[in-house]
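> Handing you this structure, nothing more for now.
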Amino acid sequence: MSMSQLSQVQQPEDLHDQIVILVGSAIRLLNGEAGVFVVSNEAFDPLSSAEYTAYRLSDAGSNFLLALARARVQPDRAQPLVVDEISHDMVTQLGLLDMHVEEQPAGTLQRCAMLVYDHAGELGLLHYVRQAGAHSCFEQTSSEGGALPLFITHLAAGIRTALKTLVLLKEQSRLADIFQQSAEGILTVDIHLRIVDFNPAMERLTGWSESEVLGKYYYEVLRPQECQANAHGERDPLFAQAFTTHGNVQREIVLTARDGQRFDVFVTASSIRSSRGEPIGGILTVRDLSREREQEEQRSTFISVISHELQTPIAIIKGYASTLARPDAVLEQETLRSRLLAIEEEADSLNKLVSNLLYASRIQAGGLQMDIAPLDLSSLVQKVALRLRVKSPGVTVKLELPARLPTVMADRDRIEEVLQNLLDNAIKYSPKRRIVTVSSHSTSDEVIVSVSDIGMGIALRDQQQIFDRFHRVDNSSTRSTQGAGLGLYICRAIIEAHWGGMGGHIWVESVLHQGSTFSFSLPREEKAHVPMVVF
Ligand code: ADP
């Protein structure tokens, strides 16, 4: 059973209910009405969180009973049960739960504190209330002090087992959390190298889901480059070494994602051993190096990208302008016009880059002004689509908008920029089939707009990063297109500003080589919070 399945089988809460039943039965057998068991043994309460189990008492009632007990004589092994009177009006303060009025104890009440211990040590104290004189059969006096010590030993055995299991369950759920939340990929294998656990980071890294890979040979799933030669059941060098040595095996290798992309990782392989020290399985932790390297490269290539993006249009403008300015230049009207158009286009792209850079620095400084008002998204989408059809006749723009789209609260100009950016990208990264679809639908809280293309698509591993500043997917097609990796970063900042950090987002669904759908959500007019002016 894998780690994620295991954590779903029994929850610490289920066992906690069983402990309540155990404590409740003990209080009943002792003729008590209600009470609370407090763990005093640190082994069972490692965080010293004053773990307690209440029976028919509210939290306030339990605290009241415990405060009362603190001021009185404490039980010890010589006198494991201490009983004293409390006044009847304390019933209200105890807040006895789920008891009908006729069930409420009448007359004087007694408060009892019983030390629960066995030969292995003390476990805790059982505090309970009972009607005055409601002795239990275990307290019948005899020369050995009645059957109370025996009762306590049995109770201690029951509680000890339950607490041990509770500690184990908590530990298991803590480990499962670490496993699930870890940013590093973790997979475990059995001795035959078949996958037993595959954490979410591993899923993101490789594109495989846990259910698809459980039970498969790890090297067939991840296809590590160095193990290609012996991918037929033989132990691969990584685990072979981890199984023979007691230490970790660490190295850089190349893995293959589900979509065939190769990526550099740093792996640590170690063995899981039986109590006799024999290897029975292995653990592989995987750190994505390409991501780290990309980030480093990003920083160093930023300047070169920006200067390249600035230089290209400047060079074109300068080239055309100097030809046009030559005194001996004799140009036909047609040629003159096309050169001037090219100059205008390049000036536009320069303008866009500079304003994107300004945008990005404003976002970073947290000073982007928003002017939020009711907005009809349908008409905005139609306007942007029309402009695109006029500007790029080779592109097919399809609109799939419902007859009535609810009004949203948004900054018209900024949302226009987001739409424009997504449409520009959809065309830019669809070199062959230039068909773009803009669709929209609404939910009870928001309106969602999607821009889909059937272009080059984005690998799962890159999908989280493309919204980061200056991030561009590193492949030959991207390299051949212009861009500084700022568009999506700006889009995300604009959309998030509309929600003031409360829900609402922009996201991508994409399959490599098949196409991408970028979607964003905006708050419906009636659901919007106070308009955000500045973020
Ligand atoms: P730019 O397009 O200037 O590089 P963006 O922030 O707009 O910057 O996009 C970041 C990266 O995301 C792009 O470089 C590209 O690799 C990828 N990308 C964005 N949109 C698409 C799309 N529709 N199809 C495929 N890849 C895309």
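The values are calculated or read from the model by the stated rules, or taken from the named source; none is laboratory data. In this text the structure is predicted, and so the values were computed from the model without any measurement. Quick reminder, even Gly has a Cβ in these numbers, built from the backbone with ideal geometry, and neighbours come from all protein chains shown.
> In this structure, is residue 375 away from the ligand (no atom under 13 Å from the Cβ) and buried (at least 18 other Cβ atoms within 10 Å of the Cβ)?
So residue 375 fits the description; yes.
> Also, I was wondering about something else. Quick one: is residue 125 farther than 25 Å from residue 256 by Cβ and assigned to a strand (DSSP E or B)?
Spelling it out, residue 125 is indeed farther than 25 Å from residue 256 by Cβ and assigned to a strand (DSSP E or B).
> It is to be established whether one or more residues within region 378-391 are charged (D, E, K, R) and touching a strand residue (DSSP E or B) at 6+ places or on another chain (Cβ under 6 Å).
yes
> Can I ask one more? Report the residue count in region 452-487 for those that are at pLDDT 90 or above and near the ligand (Cβ under 8 Å from one of its atoms).
5
> For region 53-74: of the residues being basic (Lys, Arg) and not in a helix (DSSP H, G or I), which is nearest to residue 36 (Cα to Cα)?
56
> Kindly indicate whether any position in region 415-438 is more than 13 Å from the ligand (Cβ to nearest atom), over 26 Å from residue 349 (Cα atoms) and surrounded by fewer than 18 Cβ atoms within 10 Å (Cβ to Cβ).
No, every residue in region 415-438 fails to be more than 13 Å from the ligand (Cβ to nearest atom), over 26 Å from residue 349 (Cα atoms) and surrounded by fewer than 18 Cβ atoms within 10 Å (Cβ to Cβ).
> Another question about this same structure. Residues being surrounded by fewer than 17 Cβ atoms within 10 Å (Cβ to Cβ) and among the polar types (S, T, N, Q): count how many of those fall in region 174-211.
Adding up the residues that qualify gives 5.
> Let me ask something additional. Given 99, 114, which one is closer than 21 Å to residue 25 by Cβ and at pLDDT below 70?
When all the criteria are applied, what remains is 99.
> Then there is this: Scan region 326-345 and give yes if some residue there is within 16 Å of the ligand (Cβ to nearest atom) and surrounded by 11 or more Cβ atoms within 10 Å (Cβ to Cβ), otherwise no.
No, region 326-345 contains no residue that is within 16 Å of the ligand (Cβ to nearest atom) and surrounded by 11 or more Cβ atoms within 10 Å (Cβ to Cβ).
> I'm trying to understand the selection: among the residues of region 234-287, which are assigned to a loop (DSSP other than H, G, I, E, B) and of a type in the set (D, E, K, R)?
234, 235, 236, 258, 259, 276, 278
> Right, next: Are any of the residues in region 406-428 over 19 Å from residue 488 (Cα atoms) and basic (Lys, Arg)?
no
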